[in-house]
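A.B. asks: Mind looking over this structure? Questions follow.
The values are calculated or read from the model by the stated rules, or taken from the named source; none is laboratory data. Only a predicted model underlies this, so the values are computations on that prediction, with no experimental measurement involved. Note that we place each Cβ from the backbone using ideal geometry, even for glycine, and neighbour counts take in every protein chain shown. Side chains are part of the model used for accessible areas, which takes the heavy atoms of the whole protein and leaves out ligands, DNA and RNA. Shrake-Rupley method; radii C 1.70, N 1.55, O 1.52, S 1.80 Å.
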Amino acid sequence: VRSRGLGDVYKRQNWSNPEFFYSRRIGRPPQGTVAGGGRVDMPETTTILGAAKLSGKLAGNWNVGFLNAVTQREYAVIDADGDRFSREVEPFSDYAVLRAQKDFNQGRQGLGFIASGVFRDLHGEELGGMLGRQALALGADGWLQLGKKQEWALTGWLGATRVAGSPEYIQALQRSPRHYFQRPDAGHLSLDDGAASLSGWAGRITLNRQKGSLVFNAALGGISPGFEANDLGYQSRGDYVNTHLAAGYSWLHPGKLFRSAQLLGAMARSWDFGGHALM
């Protein structure tokens, strides 16, 4: 969510927001692999069989957008000493995302929602151990401008995800670099070998002074160990809590030497969900 007049409310110190929708996930190169020898002819991209996009306004002045895309089942062709055969490297899949947003009071407040889903028709154990059968995400966000002159802005978002698949896939997901449930220093985490799903949440709240010479920006956010948004979004890490505080003063009018100047001090701290300091 971004609104006119929100200024630098989105300042970040050692923090990267996960994205609930990343369009390049649709039609990406096939995610399966082919083991063994021989010459492999692998498709470079996944074929999009069809897609539909709708956007507009509904009653109550809500801005709404909806996207649905269906991708083809893809196969790699292997030639092993003259013996030619094919192997599935990407399942038939459906991608859907819905976004709604509304401004209130001439843009001084806003509220938005997003929901997304990925549904895969998995055949065989090999792809079932590499990909999830279903990935769902739900999020809400909003902003509020404060003060008679709207000099302050409060913004925040909260979301949740759930990924379902085979125990082999969920175990691999827990071990992936974004999660590392198996790391020996994480006593608050444990691998669940029999789990068929992984769920988590993430959120962040920020307060920013966006007008005048006084500079102030503070934020607190967290991404739980089980949050996983990469099927239709983008996420670089999990099990992360971060906060920062920045304050200072800006000289906004041109002088003899400088057009503008700013003196700013900031501090940031990060932890995992076990309370261990990270930076």
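A.B. asks: With every protein chain kept in place and ligands, DNA and RNA left out, what is the accessible area per residue of the chain? Probe 1.4 Å, answer in Å².
C.D. replies: Working: 15350 Å² over 279 residues.
Averaged over the residues of the chain, the accessible area is 55 Å².
A.B. asks: Within 10 Å of each candidate Cβ there may be at most 16 other Cβ atoms; applying that plus a DSSP loop requirement, which trypsin sites (Lys or Arg not before Pro) in segment 60-142 survive?
C.D. replies: Taking segment 60-142 and a limit of 16 other Cβ atoms within 10 Å, the loop trypsin sites (Lys or Arg not before Pro) found are Arg108.
A.B. asks: If you keep only loop residues by DSSP, which chymotrypsin sites (Phe, Trp or Tyr not before Pro) in segment 223-260 have at most 16 other Cβ atoms within 10 Å of their Cβ? Write down the numbers at each step before the final one.
C.D. replies: Values: sites: Phe227, Tyr234, Tyr240, Tyr249, Trp251, Phe258; in loops: Phe227, Phe258.
Here the sparse-neighbourhood loop sites are Phe258.
A.B. asks: Here's another thing I want to ask about it. Report the charge-dipole magnitude of segment 1-148 in Debye, nearest 20, computed about the Cα centre from +1 at each Lys and Arg Cβ and -1 at each Asp and Glu Cβ. Walk me through the numbers before you get to the answer.
C.D. replies: Numbers: 19 positive and 16 negative charges, 263 e Å.
Here the size comes out at about 1260 debye.
A.B. asks: Ordered by residue, what ³J(HN,Hα) values in Hz, to whole numbers, does segment 174-189 give under the Karplus form 6.51 cos²θ - 1.76 cosθ + 1.60, where θ = phi - 60° and Gly and Pro are x?
C.D. replies: 4, 8, 5, x, 6, 10, 6, 4, 8, 5, x, 8, 9, x, 7, 10
A.B. asks: Then there is this: How much FRET efficiency would the formula 1/(1 + (r/R0)^6) give for Leu58 and Arg237, where r is the Cβ-Cβ distance and R0 is 45 Å, rounded to 0.05?
C.D. replies: Values: r = 36 Å, r/R0 = 0.80.
About 0.80, to the nearest 0.05.
A.B. asks: Also, quick follow-up: About its Cα centre, what dipole magnitude does the chain give when the only charges are +1 on Lys and Arg Cβ and -1 on Asp and Glu Cβ, stated in debye to the nearest 20? Can you show the working numbers first?
C.D. replies: Working: 31 positive and 25 negative charges, 440 e Å.
In debye, rounded to 20, the chain gives about 2120.
A.B. asks: Using modelled amide H (1.01 Å from N, peptide plane; none on Pro or chain starts), what sits under 5 Å from the amide H of Arg133, excluding residues fewer than 5 places away?
C.D. replies: Close amide H contacts, sequence-distant or interchain: Ala164, Gly165, Ser166.
A.B. asks: Could I have the simple spin-label model distance between Gln182 and Gln31, label points 7 Å from Cα toward Cβ, reported in nm to one decimal?
C.D. replies: Computed distance between label sites Gln182 and Gln31 equals 1.9 nm.
A.B. asks: What is the calculated FRET efficiency for Gln109 to His253, with r their C-beta to C-beta distance and R₀ = 41 Å, to the nearest 0.05?
C.D. replies: Numbers: r = 31 Å, r/R0 = 0.76.
Efficiency for this residue pair is about 0.85.
A.B. asks: Rounded to a whole number, what % of the accessible area of the chain do carbon and sulfur atoms account for, probe 1.4 Å?
C.D. replies: Values: 8540 of 15350 Å².
Ligands and nucleic acids excluded, carbon and sulfur reach 56 percent.
A.B. asks: A further question follows. Work out from phi, with θ = phi - 60° and the Karplus expression 6.51 cos²θ - 1.76 cosθ + 1.60, the ³J(HN,Hα) of each residue of segment 248-255, listed in order in whole Hz, and give x for Gly and Pro.
C.D. replies: Working through the residues one at a time gives x, 9, 10, 9, 8, 9, x, x Hz.
A.B. asks: Determine, from the Cβ-Cβ distance of Phe85 and Ala172 and an R0 of 25 Å, the FRET efficiency 1/(1 + (r/R0)^6), rounded to the nearest 0.05.
C.D. replies: Details: r = 26 Å, r/R0 = 1.03.
Once rounded, the FRET efficiency stands at 0.45.
A.B. asks: OK, next. Contour minus end-to-end for Ala164 and Met267, with contour as 0.36 nm per residue of separation and end-to-end as the Cα-Cα distance?
C.D. replies: Numbers: separation 103, 0.36 × 103 = 37.08 nm, distance 3.85 nm.
Here the segment from Ala164 to Met267 would lengthen by 33.2 nm.
A.B. asks: Ok, one more. Tell me what the chain gives for mean residue ellipticity at 222 nm when only DSSP H runs of n ≥ 4 count, each as -39,500 (n - 2.57), the sum divided by the residue total, rounded to 500 deg cm²/dmol. Before the final figure, lay out the partial values.
C.D. replies: Numbers: 2 runs with 13 residues, N = 279.
It comes out at -1000 deg cm²/dmol, rounded to the nearest 500.
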